[in-house]
Structure formats: C-alpha cells, structure tokens
Amino acid sequence: MSSGIVAVIIVIALIVVVALGTGILYDSRRRRLRQRFGPEYDRLVGERDSRLKAEAELAAREKRVRGLDIRPLNPAAQARYTNEWSSIQERFVDEPAQSVGDAQRLVMAVMSDRGYPTERDEQVIADLSVDHANTLDQYRSATTISQRAAEGAASTEDLRQAMIHYRALFRDLLGTPGEPETPAHTATVPAQRASAPEMSEPDTAGQQVAEPQDAEPAVTTREVREEDEAAEVPPRPS
C-alpha cells in the first residue's frame, strides 16, 4: 500500500472521528437544553421552524442570564412578599380586576428584587425561561388575561385563573435561581377527594390523608395540587 493511500485513509479516519465527536457533543447539548427549557424548547422549535435556530437562541438566553445579577431573596423579603400576596388574594372577592393587576405588579416587583430586568415584556419572558420554564406558560396565560381585563373583556372566572397562574410564578420566584418548583403536596389521596372539590375548601398543604383499603386508584400529585390551588382563590359571588 502506497504512502499516499495510507495518508488518505488516515485523513478519512480523522474526519470520521471528528464527526462522531461533534455529533456526540451536539446531542448532549440538545438533551441539556430540552431538559432545562422543557415545553419552551418545543415551543421555540415550532416558532423558528428550525432546531438549530431555536437551540442557538436558547443558548443565547442562558448566556445573557448568566451575565445578570440574579440573586435569591432573603427571608425577610420572602415573608414580606408572601404577606402581600395573601392580602391581594383576600381582596379578590370584592375587587377581582384590581387584585389581578396588583398580583401582576407584585410578581414584577419580586422579579426586580431578584435582579431581573422588567422593562420589556418579550425580554422578561426570555429571561424567565432559563430558570423558571416550568411556570412560564402560566405566566403567559396570566398576562394575556390581564390584557383582556384592561380592555374590560375578562370574566370573573378568567380573573380567578389569572390569579392562580400568577401565583405559580410568584411561588417559583421566591426560591433560588435554577431551583425547581417544589410541589405543594407530596401525599396522594383517594380519588373521592378530588372528584367534587368545594371551591371554598381551605388549603390542605402538608396534611397526610389516610387511604382506605378499598379506595379508588389515587390521583396524581399534580391533579391534587391544581385543585387545591384553585380552591384558594374562591369564585366571586354572583
């Protein structure tokens, strides 16, 4: 075998090795982005109609947020904001539209206190997607309802849903950057518990509910959490 052929084989082998290495790195990057951004990854791929463009944009979001001074809230601030939220929620029955506006402003105040810029709506969503992707769709829904409310086109039930959506991000923001949202409930309960919830039912977070031996299959933690969260914001009396 001539030296020229050997050289060609070596070059081809190097190209294959480099290609394989690049493919492995790319797949690893894709898995990491999908894991971090969750539904936001798929949404952006659909909007950009290109995985490469979407992944480049998500990577740019990560880089931008790393350059921000994002910081956790101290315990005093957490307690203060929690009390403010409780006060807003209590006023919802009498002033639903005003309460939703106050909830939106409180969420923005928490964001600002943690170091997130809040001047541009699109940038706010992009920044939140890096560490709060799990509650981003709820925030989008809440802001959409807030806009309809400003135009006088939101029903009381719409406003109640907006409060629930804002609360999801509010609770997430009270944590630290990159910390996943902690489920409000960790116990499973019998199916009868979730079949006909009363909207005025008090929150039962943290309680352990014994399951009878002949109980129906247990519902998921997420279903229980959503129903109990809905119960905390009562519908406005007609």
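Throughout, read-outs are computed from the coordinates displayed, never taken from laboratory work. Every value quoted in this text rests on a predicted model; they were computed, and no experiment measured them. Because the Cβ atoms are built from the backbone with ideal geometry, glycine has one as well, and the counts that use them run over all protein chains shown.
Brief remarks on what is shown
- Exposure proxy ranking for Glu40, Glu157, based on other Cβ atoms within 10 angstrom of each Cβ and starting from the fewest, stands as Glu157, Glu40.
- The base-10 log of I(q)/I(0) for segment 83-167, evaluated at q = 0.27 Å⁻¹, reads -1.39 [Debye formula, identical scatterers on Cα atoms, solvent excluded].
- In nm, spacing of pseudo-spin labels at Asp94 and Arg71 (7 Å Cα→C-beta vector): 3.7
- Multiplying the residue separation of Asp42 and Glu151 by 0.36 nm and removing their Cα-Cα distance gives an extension gain of 36.1 nm.
- Placing +1 on the Cβ of every Lys and Arg and -1 on the Cβ of every Asp and Glu, with nothing else charged, gives segment 75-173 a dipole about its Cα centre of roughly 160 debye.
- Here Ser86 and Glu62 are evaluated by their C-beta separation; at R0 = 22 Å the FRET efficiency comes out at 0.05.
- R0 of 25 Å, Cβ-Cβ distance Asp121-Ser28: FRET efficiency to nearest 0.05: 0.15
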